[in-house]
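Comments concern the structure below.
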């Protein structure tokens, strides 16, 4: 299979030299035909000048649509598989083949996800994740009960913030939804929509990457800003994707208690995020209109991750 590693970059002049060489080396040693493409999202630093020093990559300048820039880049590629990475990720030199091999042996694959450590390789950041609805609220996490026993086991994952996708299925799903921008839960959204189509996401622990983490995102928006975005996007995810009547009843019943809980904790930002979501209800309605019918229920998907 042919592979395109797409690295999303914005003002990464200090990050590129720490990460990109490992990706180029991994492409070189893979048994697959691999292209490395760096999408530059209108950087204002020296990113492009630095990228031009690397002979083994393609530079693709695109309008800054944050994560949704991947949509345009995947649409332009000819390769079968796209591996989507942020610019703050370095990789083991054999990380490609375990991700791609799954597509060659299983027909139901939408995405494959690597095991992810922090940048120093000390602490496990994520990999396999589980999605759930608890007390009427959607969430997804990698640190669930018993995660330590599954960290080295191949298996299904609810979603992943980065990994390999089949080009045709990614585009058929419409890519990442810009309603969630500037970020948070857009990966859960596309992963869930894939599961509703019967397309699975798999966790591949033999593929290892190292991530600097969300420091830049947290620094840009601050604790309160991140709380508001999390609250807003969790609401949007539920309203857009969930159709099960029982889950909707629990969502409505527990919502006043959740808002009261935020208030008692002094988390005014989360309350504001919820009301920001309400302003996007017309967008949610339009998106629900075009969601394809599915024989797979919401509960059937979430039940896969209760085992």
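Descriptive notes on the structure:
- Considering the conditions (1) surrounded by fewer than 23 Cβ atoms within 10 Å (Cβ to Cβ); (2) within 28 Å of residue 18 (Cβ to Cβ); (3) modelled with pLDDT of 95 or more, residue 221 is excluded by exactly one of them, (3).
- When residue 271 is tested against (1) in contact with a helix residue (DSSP H, G or I) (Cβ under 6 Å, 6 or more places away or on another chain); (2) under 30 Å from residue 15 (Cβ atoms), just one condition goes unmet, and that condition is (2).
- Verdict on residue 169 being closer than 28 Å to residue 30 by Cα, without any contact (Cβ under 8 Å) to a residue 60 or more places away in the chain and touching a strand residue (DSSP E or B) at 6+ places or on another chain (Cβ under 9 Å): yes
- In the stretch 117-164, residue nearest to the chain's Cα centre (by Cα) [restricted to those that are more than 23 Å from residue 230 (Cβ to Cβ) and outside any loop (DSSP other than H, G, I, E, B)]: 164
- Contacts under 7 angstrom Cβ, first residue in the stretch 274-285 being under 14 Å from residue 241 (Cβ atoms), partner at pLDDT below 95 and surrounded by fewer than 12 Cβ atoms within 10 Å (Cβ to Cβ), 6 or more apart: none
- Subset of the stretch 24-47 that is within 22 Å of residue 170 (Cα to Cα) and in a loop (DSSP other than H, G, I, E, B) - its residue that is farthest from the chain's Cα centre (by Cα): 32
- Residue in the stretch 168-188 that is under 18 Å from residue 106 (Cα atoms) and more than 14 Å from the chain's Cα centre (by Cα) present: yes
- Top-ranked residue of the stretch 7-23 - restricted to ones that are in a helix (DSSP H, G or I) and touching a strand residue (DSSP E or B) at 6+ places or on another chain (Cβ under 6 Å), ranked as surrounded by the most Cβ atoms within 10 Å (Cβ to Cβ): 23
- Residues (touching a strand residue (DSSP E or B) at 6+ places or on another chain (Cβ under 6 Å) and crowded, with 17+ Cβ neighbours inside 10 Å) located in the stretch 61-79: 62, 69, 70, 73, 74, 77, 79
- Residue ID - surrounded by the most Cβ atoms within 10 Å (Cβ to Cβ), chosen from residues in the stretch 128-143 that are in contact (Cβ under 8 Å) with a residue 40 or more places away in the chain and farther than 17 Å from residue 200 by Cβ: 138
Here is a yes/no grid of residues against (1) farther than 20 Å from residue 95 by Cα; (2) at pLDDT 95 or above:
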{"site": "7", "(1), (2)": "no, yes"}
{"site": "11", "(1), (2)": "yes, no"}
{"site": "21", "(1), (2)": "no, yes"}
{"site": "27", "(1), (2)": "no, yes"}
{"site": "30", "(1), (2)": "no, yes"}
{"site": "33", "(1), (2)": "no, yes"}
{"site": "49", "(1), (2)": "yes, yes"}
{"site": "53", "(1), (2)": "yes, yes"}
{"site": "61", "(1), (2)": "yes, yes"}
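Quick grid of which residues meet (1) touching a residue at least 60 places away in the same chain (Cβ under 8 Å); (2) in contact with a strand residue (DSSP E or B) (Cβ under 8 Å, 6 or more places away or on another chain):
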{"residue": "146", "(1), (2)": "no, no"}
{"residue": "154", "(1), (2)": "no, yes"}
{"residue": "159", "(1), (2)": "no, yes"}
{"residue": "176", "(1), (2)": "yes, no"}
{"residue": "185", "(1), (2)": "no, yes"}
{"residue": "203", "(1), (2)": "yes, yes"}
{"residue": "220", "(1), (2)": "no, no"}
{"residue": "225", "(1), (2)": "no, no"}
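- Residue 47 being buried (at least 19 other Cβ atoms within 10 Å of the Cβ), touching a strand residue (DSSP E or B) at 6+ places or on another chain (Cβ under 8 Å) and closer than 25 Å to residue 118 by Cβ: yes
The values are calculated or read from the model by the stated rules, or taken from the named source; none is laboratory data. Since the model is a prediction, treat every value here as computed from it, not as a measurement. Reconstructed Cβ throughout: ideal geometry from the backbone, glycine too, with neighbour counts over all protein chains shown.
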